[in-house]
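Student: Next up is a structure, given as structure tokens.
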Amino acid sequence: MVETAAYIDMIGGASGDMLLGAMVGAGLDLDELRAELDRLPDRGYRLVESRVLRGGLEAGLGNVELDPDGERKRTWDDFYESINSSILEEQDRRSIRQIFDVLAEAEAAVHGGDAGSTHLHELGTVDTLVDVSAAVIGMRLLGIDHIHASAFPVGTGSSSSSHGAMGATSRATAAIYKISGAPVRAGGRQPVGEAVTPTGAAIVSTLAEFSPVEFRAERIGYGAGQRDPEGFANVVGLWTGEVRSRWGRGGPGRRRPELMLLETNIDDSTGEVLGYVHELLTELGVLDAWFTPIQMKKNRPGVMLSVLVGRELVDRAAALILKETSTLGIRRQPVRRYEAEREVVEVDTEYGKMPVKLKRIDGVVVQVAPEYEACRKIARETGVPLADVMRSASLATFPEKSGGSG
């Protein structure tokens, strides 16, 4: 399977405008992007891009020019309403919402209150929505399947905002680093002043993986920052190219691990309570939950509860565990997994139509698995042994792969 990877090289930092310029340099058609952005209900802006020099590099300087309607202050609810009411592709809407969730959580961490309840200052105009949406849509239009990124530069010196003077890394940007667990690089040569904006941090930390990648570089684009410091290239680089893999994770948009692993050790909750928690987690929609016997301090036997859950449910799953068990803390980490392609089909058997799961690798069916609940129902209704029902479904689907039902 051939997939396209992108690598974001944060030489001078990252912002929405810089990422736009880099994508155009890597081959993004600006007119196609404008057409996609028109699927949002918001107007009041003009998307422009020009070529500039930053140090010895030619780079694209992206900019979202606002008219009076664009400068009108928005609330978090306004932004979410625009996203939800747009006619963008569902995966684009989902990724854009995730980025706004990160921004809202970071602002709440800095200013207090619940996520989405804080007052927006610099982030409150329509260019925030355009920057985020352009990054998500642009990567899809470039055909990117996976995004990788360098560590964020912390910068040196100071910066200023409506909240006053602060360090080179704003409080909101620092909060995003903490929330996402994204790596930063300190020491050595650093850009002066604010290198990474909150919007840039939220986009990259949401869409990208911070892990090594090997690919054949085909296009390289650079996006310029507004400042042109002497002796330093204030740019972000975007490298794209093909990487060959036998394992697929789906189409554009599924570019970073969407799964989280929650773990906690418990030694004083009853079996009834733990069984109830497992039931609630399953109803919530987690992908998997299991218990592992462990030895805890003072030689007490206990269990480790592990939960595999999508990012959109991770906070609710953690809150449920804290509420229903005796644990005082939960470990959380992003996880990656290999996934075979899968499809559920209906086949005609001597017992009627039955659903069967097909497992594929590189497009080739390597295993068939009759759905247990359907086979169980037929076995109970007919009195035929369950194994015979499952074997019948396997034979009807793919005779040469009928050696097992797993």
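Student: Regarding ASP92, is this residue under 24 Å from MET23 (Cα atoms), touching a strand residue (DSSP E or B) at 6+ places or on another chain (Cβ under 7 Å) and surrounded by 14 or more Cβ atoms within 10 Å (Cβ to Cβ)?
Tutor: Spelling it out, it is not the case that ASP92 is under 24 Å from MET23 (Cα atoms), touching a strand residue (DSSP E or B) at 6+ places or on another chain (Cβ under 7 Å) and surrounded by 14 or more Cβ atoms within 10 Å (Cβ to Cβ).
One line per residue, one yes/no per condition, for (1) over 30 Å from GLN98 (Cα atoms); (2) of a type in the set (Val, Ile, Thr):
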{"residue": "VAL303", "(1), (2)": "yes, yes"}
{"residue": "GLU343", "(1), (2)": "no, no"}
{"residue": "GLU346", "(1), (2)": "yes, no"}
{"residue": "GLY352", "(1), (2)": "yes, no"}
{"residue": "THR397", "(1), (2)": "yes, yes"}
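Student: I need the helices (runs of 4 or more DSSP H) fully contained in the stretch 287-406, keeping only those with at least 3 residues that are basic (Lys, Arg).
Tutor: Answer list for the stretch 287-406: 372-382.
Student: Picking from ASP114, ASP131, which residue would you name as being modelled with pLDDT under 95 and not in a strand (DSSP E or B)?
Tutor: Just one listed residue meets the conditions, ASP114.
Student: Residues being hydrophobic (A, V, I, L, M, F, W, C) and within 10 Å of GLY60 (Cα to Cα): count how many of those fall in the stretch 222-235.
Tutor: Residues that pass the stated criteria total 2.
Student: Just to be sure before I move on: is ALA340 touching a residue at least 40 places away in the same chain (Cβ under 8 Å) and either loosely packed, with under 13 Cβ neighbours inside 10 Å or of a type in the set (A, V, I, L, M) (or both) in the structure I sent?
Tutor: yes
Student: Can you find a residue in the stretch 366-374 that is aromatic (Phe, Trp, Tyr) and under 29 Å from GLY271 (Cβ atoms)?
Tutor: So far as the stretch 366-374 goes, yes, one or more of its residues are aromatic (Phe, Trp, Tyr) and under 29 Å from GLY271 (Cβ atoms).
Student: In the stretch 297-317, what count of residues is obtained for those that are within 17 Å of the chain's Cα centre (by Cα) and surrounded by 15 or more Cβ atoms within 10 Å (Cβ to Cβ)?
Tutor: Count: 6.
Student: Take the conditions more than 20 Å from PRO198 (Cα to Cα) and either at pLDDT 95 or above or buried (at least 23 other Cβ atoms within 10 Å of the Cβ) (or both) and apply them to ALA22. Does it pass?
Tutor: Taking the combined requirement at face value, the residue does not satisfy it.
Student: Collect the residues in the stretch 315-363 that are in contact with a Phe, Trp or Tyr (Cβ under 9 Å, 6 or more places away or on another chain) and hydroxyl-bearing (Ser, Thr, Tyr), keeping them in residue-number order.
Tutor: Selection gives TYR338 alone.
Student: Can you go through ASP31, ASP38, ASP77 and tell me which one is surrounded by fewer than 16 Cβ atoms within 10 Å (Cβ to Cβ) and over 25 Å from the mean Cα position of the chain (by Cα)?
Tutor: One residue alone meets the criteria, ASP31.
Student: Could you pull out the residue among ILE294, ILE321 that is surrounded by 16 or more Cβ atoms within 10 Å (Cβ to Cβ), at pLDDT 90 or above and under 21 Å from ASN265 (Cβ atoms)?
Tutor: ILE321 is the lone residue from the list that is surrounded by 16 or more Cβ atoms within 10 Å (Cβ to Cβ), at pLDDT 90 or above and under 21 Å from ASN265 (Cβ atoms).
Student: Further question on the same structure: Given the conditions (1) crowded, with 18+ Cβ neighbours inside 10 Å; (2) under 27 Å from GLY237 (Cβ atoms), which single one is not true for ARG51?
Tutor: Tallying (1) crowded, with 18+ Cβ neighbours inside 10 Å; (2) under 27 Å from GLY237 (Cβ atoms), ARG51 fails exactly one: (1).
Student: Across the stretch 4-52, what is the total count of residues that are in contact (Cβ under 8 Å) with a residue 24 or more places away in the chain and in a strand (DSSP E or B)?
Tutor: So the answer is 11.
Student: Could you say which residue among ALA396, ALA387 is hydrophobic (A, V, I, L, M, F, W, C), surrounded by fewer than 18 Cβ atoms within 10 Å (Cβ to Cβ) and at pLDDT 85 or above?
Tutor: Going through ALA396, ALA387 in turn, the sole match is ALA387.
Student: Across the stretch 303-353, what is the number of residues that are within 23 Å of GLU272 (Cα to Cα) and in contact with a helix residue (DSSP H, G or I) (Cβ under 9 Å, 6 or more places away or on another chain)?
Tutor: Residues that pass the stated criteria total 15.
The values are calculated or read from the model by the stated rules, or taken from the named source; none is laboratory data. This structure is a prediction, so every number in the text was calculated from the model and none was measured. Counting neighbours? That spans all protein chains shown, and the Cβs are built from the backbone with ideal geometry, glycine included.
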